[in-house]
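Peer 1: Take a look at this one; I'll ask things after.
The values are calculated or read from the model by the stated rules, or taken from the named source; none is laboratory data. The shown structure was predicted, so the numbers you read here are calculated from the model rather than taken from an experiment. Cβ sites come from the backbone with ideal geometry, for glycine too, and all protein chains shown count toward neighbours. Accessible surface areas use protein heavy atoms only, side chains included; no ligands, DNA or RNA. Shrake-Rupley method; radii C 1.70, N 1.55, O 1.52, S 1.80 Å.
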Amino acid sequence: MAAGRFLPNEGIVPLSDVPQLAVSELRQCVLADIDDGARLVALFGCPSNATLRLFAVLAHQYLGQLSVASTKVTGSYPALTPECPEAHLFEREIYEQWGVEPTGHPWLKPVRFESRRKWEGARPHAANQSAVCGEIDFFQVEGEEVHEVAVGPVHAGVIEPGHFRFQCHGETVQHLEISLGYQHRGIEDAVVRDSGKRTLHYMETLAGDTTIGHTTAYCRNVEALTGTDLSARAEAIRGIALELERMANHIGDLGALAGDIGFLPTLSYCGRIRGDLLNLTALLCGNRFGRSLIHPGGVNYDVDEEIAEIMRERLQSIWRDAKSAVDLLWRSSSVLARFEGVGALDSDTAQAIGLVGVAARACGLPRDVRQSFPYGIYKKAHIPMAIGQNGDVMARALVRWQEIEHSTAFVLDQLDSLPSGSPSVRIGKFPQESHLAVSLVEGWRGEICHVALTRQADHYQGYKVIDPSFHNWFGLALALRNQQISDFPLCNKSFNLSYCGHDL
Amino acid sequence: MIEILKARAKQGYRTMSYPNGPAPEMPTRFVGKAVLHPGTCSADCQACVDACPTDAITVKDGSPFLDLGRCVFCRKCQYACPSGSISFSRDFQMAEATREGLILHPGDVASAPLPNLDIKKLFGRSLKLRQVSAGGCNACEADTNVLGTIAWDLGRFGIQFVASPRHADGLLVTGPVTANMELALRKTYAAVSYPKLVIAVGACALSGGLFASHDETHKGVTDILPVDLFIPGCPPHPSTILDGLLQLIGRI
């Protein structure tokens, strides 16, 4: 970005040094950078008296750098979305939260049905916006034999709530619109409101299945702001925990994919194996989801030789069981017939809508924070990137399986060569001046981005969390086009996105 | 087919014997039910109260009282306490039939069993539940879901999660109940026929947990529905959930 300020992953910059451009300049530089292959990782507002300061954070993959720029807007500004589809949800969010309208946005519907945030420039919701979650003017297809199917918010299974509205012609889905917000708990706002003893716990529950991913992203911001250097041991233990989280979720997903096509052996085995992996995290810190493991400055629990040995043994046995369970999938023609070609997204679409994580890699896009913007342990120990090619359910399943394989090797390797040192160090002091900090972490679903804007010391004036699901839900909607409606559970599971991570 | 059979033989039989056999062993670092030591607090000390992220602790007459319904089991109180008045055991059995029962008094040892003969008579052999996540972070949901896997095999107790509230005898609710889910939760409850049960799982569902002070959420399920069983944890271990369910239907 010509006019943006470059910074590395987990870099910080004084807020006064973040370039403040005219709206037209910001638009131009975002569009030019995206043309050059950059990606929009965050676009959000933070009030400054009666104006809203918009921040754009871009990831320049081939430079291994991020860049940040800002502009000030009141009432409205010309939307980026018509020229830059990956901005679409960010701009809807800006409108919903702050009431600043991105004019020319083609689809300015609610994101989470949250009430407008309180700030000096606030104006009330437009009359046409419903306060009832899920009540929107759904896109409708008309014509003979066209019908509409509504699913959710309470839908089958032990699963979080969301609403799915299908426009079908016979069995074929012509359009799917996803309306979320049911899980909105107001965490971003709360972090700003009461910076304090709850913050770390909020991070642990942003998406409970991604406790390690989100807490890592938060802690790295705090550590960058306070100039705290972690011990190599803490970095390694965090890496182990993150990869265990990835493996547990991926193996669970492979089992659930098998379940959605009625292939019960793999479903049964993987469900149990997932539990075994969660138990490894519990071995580490007592909790199956990694609660209380990570804190700013390191980790609360060390891996002693005894735990390392138990973990090594159990992981080897888990790997054998997982291989036997998952190999059944690839050897069964009935499974392949149901996975291949279903829910496919092409790489151009994936690129245009800013897909991240497993779903992006399955489309052939090499997007993995661990490789492109390495941090912590990933600066030293490289994990190969698993890339698929067809963007279908099969590709997403294969990417998951390859990642389980890579993560197993990584964890075993780390356990064999744990560096010495203290698992935790005292953090330094927050700078008095306002700063912006960005950290990216590759969670099991994909890129997690946390942007912290400090007011003074450890008080925040803004805290932005972008869960990978925020980028990817739209990908699921597009993947369903021209698919059988009965394939929705399968496609949904192949993305396995977070509802609360989106709704926060 | 032969590969499937081979894999079946290799994977073995994995369902735990509990409750007929021993309970699954908790991890050594597991944080279970708190143990409070009466009369050990130093005068005017509020260290645990100040450290607790969910206001779960009060100090009265030199003793701490801990509300398991709010506790997120982070041990911050234990670390903050200068006099060792609070510690955490590895006891996973924490479910209670009343909200008041979740408040631990100093010197408490074992939890009282859950007495409800009506529930045992009605649902002791078959209990179908509809799960509703109302702002849950997917941790409680995940560890509820895990009870359906072969390791736990909830089906052997006649307990099953069903897709429709119309097929259910009750709801198992997670999350603090967000404002955005309130209507859906009420409608789902209304769709379950009488007699019906409500089971609240996790600190959020029990008290609002971390989100108790948020405008965007309620303070747990009791704000909306009558609750028959409270299962504490953040999230509760599957053993804690299973224990609660089995006590509820009189199986243990």
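Conditions (1) closer than 20 Å to B:Pro226 by Cβ; (2) touching a Phe, Trp or Tyr at 6+ places or on another chain (Cβ under 8 Å), marked per residue:
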residue: B:Phe123; (1), (2): yes, no
residue: B:Cys137; (1), (2): no, no
residue: B:Ala142; (1), (2): no, yes
residue: B:Phe157; (1), (2): no, no
residue: B:Asp169; (1), (2): yes, yes
residue: B:Asn180; (1), (2): no, yes
residue: B:Ala191; (1), (2): yes, no
residue: B:Ala203; (1), (2): yes, no
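Peer 1: If the requirement is being in a loop (DSSP other than H, G, I, E, B) and buried (at least 18 other Cβ atoms within 10 Å of the Cβ), which of these qualifies: A:Ile404, A:Ile383, A:Ile377?
Peer 2: A:Ile383
Peer 1: Looking at the range B:41-60 only, could you name the residues that are open to solvent by 10 Å² or more (accessible area, probe 1.4 Å), within 13 Å of chain A (Cβ to nearest Cβ) and small (Gly, Ala, Ser)?
Peer 2: The answer is B:Ala47, B:Ala51.
Peer 1: Looking at the structure I just gave you, is A:Gly364 more than 16 Å from the chain's Cα centre (by Cα) and open to solvent by less than 10 Å² (accessible area, probe 1.4 Å)?
Peer 2: So A:Gly364 does not fit the description; no.
Peer 1: With respect to A:His147, is the statement that it is within 30 Å of A:Arg370 (Cβ to Cβ) and not in a loop (DSSP other than H, G, I, E, B) true?
Peer 2: Answer is no for this residue.
Peer 1: Quick check: anything in the range A:115-122 charged (D, E, K, R), surrounded by fewer than 11 Cβ atoms within 10 Å (Cβ to Cβ) and modelled with pLDDT under 90?
Peer 2: yes
Peer 1: In addition: Every residue in the range A:250-280 that is facing chain B (nearest Cβ under 9 Å) and not hydrophobic (A, V, I, L, M, F, W, C), please.
Peer 2: Listed by number, the residues that qualify are A:Gly252, A:Gly255, A:Pro265, A:Thr266, A:Ser268, A:Tyr269, A:Gly271, A:Arg272, A:Arg274, A:Gly275, A:Asp276, A:Asn279.
Peer 1: Would you tally the residues in the range A:302-327 being aliphatic (A, V, I, L, M), more than 15 Å from A:Ile273 (Cα to Cα) and in a helix (DSSP H, G or I)?
Peer 2: Looking only at that region, the number is 3.
Peer 1: Given the options A:Ala207, A:Ala217, name the one that is at the interface with chain B (Cβ under 10 Å from one of its Cβ atoms), in contact with a helix residue (DSSP H, G or I) (Cβ under 9 Å, 6 or more places away or on another chain), more than 15 Å from A:Gly134 (Cα to Cα) and not charged (D, E, K, R).
Peer 2: Matching residue, one of A:Ala207, A:Ala217: A:Ala207.
Let's see how each residue does on (1) within 16 Å of B:Pro165 (Cα to Cα); (2) free of Cβ contacts under 8 Å to residues at least 60 places away in the same chain; (3) of a type in the set (A, V, I, L, M); (4) within 14 Å of chain A (Cβ to nearest Cβ):
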residue	(1), (2), (3), (4)
B:Tyr194	yes, yes, no, no
B:His214	no, yes, no, yes
B:His218	no, yes, no, yes
B:Thr240	no, no, no, yes
B:Ile252	no, no, yes, no
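Peer 1: For the range B:131-173, how many residues are within 11 Å of another protein chain (Cβ to nearest Cβ), closer than 23 Å to A:Asp276 by Cα and β-branched (Val, Ile, Thr)?
Peer 2: 4
Peer 1: Here's something else I'd like to know. Select from the range B:1-31 the residues that are more than 10 Å from chain A (Cβ to nearest Cβ), of a type in the set (Ser, Thr, Tyr) and either open to solvent by less than 30 Å² (accessible area, probe 1.4 Å) or over 15 Å from A:Asp321 (Cβ atoms) (or both) and list them in ascending order.
Peer 2: Result: B:Ser17, B:Tyr18.
Peer 1: For A:Met311, work out the one condition from (1) within 15 Å of A:Thr408 (Cα to Cα); (2) among the aliphatic types (A, V, I, L, M); (3) surrounded by fewer than 15 Cβ atoms within 10 Å (Cβ to Cβ) it doesn't fulfil.
Peer 2: Among (1) within 15 Å of A:Thr408 (Cα to Cα); (2) among the aliphatic types (A, V, I, L, M); (3) surrounded by fewer than 15 Cβ atoms within 10 Å (Cβ to Cβ), A:Met311 violates only (3).
Peer 1: Quick one: is A:Arg370 touching a strand residue (DSSP E or B) at 6+ places or on another chain (Cβ under 6 Å) and closer than 30 Å to A:Phe474 by Cα?
Peer 2: Here the answer is yes, as A:Arg370 does meet what is asked.
Peer 1: Next up: Within the range B:64-74, take every residue that is more than 13 Å from every other protein chain (Cβ to nearest Cβ) and open to solvent by 10 Å² or more (accessible area, probe 1.4 Å) and give me the one that is modelled with the lowest pLDDT.
Peer 2: Out of the qualifying residues, it is B:Phe65.
Peer 1: Show the residue pairs that are 6+ apart or on different chains and have beta-carbon atoms under 8 Å apart, the first residue being within the range A:329-354 and under 21 Å from A:Val41 (Cα atoms), the second being open to solvent by 70 Å² or more (accessible area, probe 1.4 Å).
Peer 2: Once the first residue is under 21 Å from A:Val41 (Cα atoms) and sits in the range A:329-354, its partners that are open to solvent by 70 Å² or more (accessible area, probe 1.4 Å) give A:Ile353/A:Phe474.
Peer 1: Looking only at the range A:10-30, filter to residues that are touching a Ser or Thr at 6+ places or on another chain (Cβ under 8 Å) and aliphatic (A, V, I, L, M); which one of those is surrounded by the most Cβ atoms within 10 Å (Cβ to Cβ)?
Peer 2: So, considering only residues that are touching a Ser or Thr at 6+ places or on another chain (Cβ under 8 Å) and aliphatic (A, V, I, L, M), the one surrounded by the most Cβ atoms within 10 Å (Cβ to Cβ) is A:Leu26.
Peer 1: Identify, from the list A:Ala258, A:Ala217, the residue that is open to solvent by less than 10 Å² (accessible area, probe 1.4 Å), among the small types (Gly, Ala, Ser), modelled with pLDDT of 95 or more and under 16 Å from the mean Cα position of the chain (by Cα).
Peer 2: A:Ala217
Peer 1: Among the candidates A:Val299, A:Val358, A:Val326, A:Val335, single out the residue that is under 29 Å from A:Leu7 (Cβ atoms), within 14 Å of chain B (Cβ to nearest Cβ), buried (at least 18 other Cβ atoms within 10 Å of the Cβ) and not acidic (Asp, Glu).
Peer 2: Answer to the selection: A:Val299.
Peer 1: Under the condition of being assigned to a loop (DSSP other than H, G, I, E, B) and open to solvent by less than 40 Å² (accessible area, probe 1.4 Å), which residue from the range A:171-187 is farthest from the other protein chains (Cβ to nearest Cβ)?
Peer 2: Here the residue is A:Leu180.
Peer 1: I'd like to know if the range A:87-98 contains one or more residues that are crowded, with 17+ Cβ neighbours inside 10 Å and assigned to a strand (DSSP E or B).
Peer 2: No, the conditions are met nowhere in the range A:87-98.
Peer 1: Moving on. How about the range B:75-89: which of its residues are assigned to a loop (DSSP other than H, G, I, E, B), touching a Cys at 6+ places or on another chain (Cβ under 8 Å) and either polar (S, T, N, Q) or buried (at least 17 other Cβ atoms within 10 Å of the Cβ) (or both)?
Peer 2: B:Cys81, B:Ser83, B:Ser85
Peer 1: Is one or more of the residues making up the range A:230-242 in contact with a Ser or Thr (Cβ under 8 Å, 6 or more places away or on another chain), assigned to a helix (DSSP H, G or I) and closer than 23 Å to B:Tyr13 by Cβ?
Peer 2: No, because not a single residue in the range A:230-242 is in contact with a Ser or Thr (Cβ under 8 Å, 6 or more places away or on another chain), assigned to a helix (DSSP H, G or I) and closer than 23 Å to B:Tyr13 by Cβ.
Peer 1: Would it be correct to say that A:Val425 is touching a helix residue (DSSP H, G or I) at 6+ places or on another chain (Cβ under 9 Å) and under 21 Å from A:Gly213 (Cβ atoms)?
Peer 2: no
Peer 1: Let me ask something additional. Scan A:Leu43, A:Leu58, A:Leu80, A:Leu52 and give me the residue that is touching a helix residue (DSSP H, G or I) at 6+ places or on another chain (Cβ under 9 Å), surrounded by 21 or more Cβ atoms within 10 Å (Cβ to Cβ) and part of a loop (DSSP other than H, G, I, E, B).
Peer 2: From the options A:Leu43, A:Leu58, A:Leu80, A:Leu52, the qualifying one is A:Leu80.
Peer 1: So, in the range A:479-498, of the ones that are open to solvent by less than 10 Å² (accessible area, probe 1.4 Å) and not hydrophobic (A, V, I, L, M, F, W, C), which residue ends up nearest to B:Ala134 (Cα to Cα)?
Peer 2: Here the answer is A:Ser498.
Peer 1: Same structure, new question: Give me a count of the residues in the range A:138-182 that are small (Gly, Ala, Ser) and closer than 19 Å to B:Leu172 by Cβ.
Peer 2: Here the count works out to 4.
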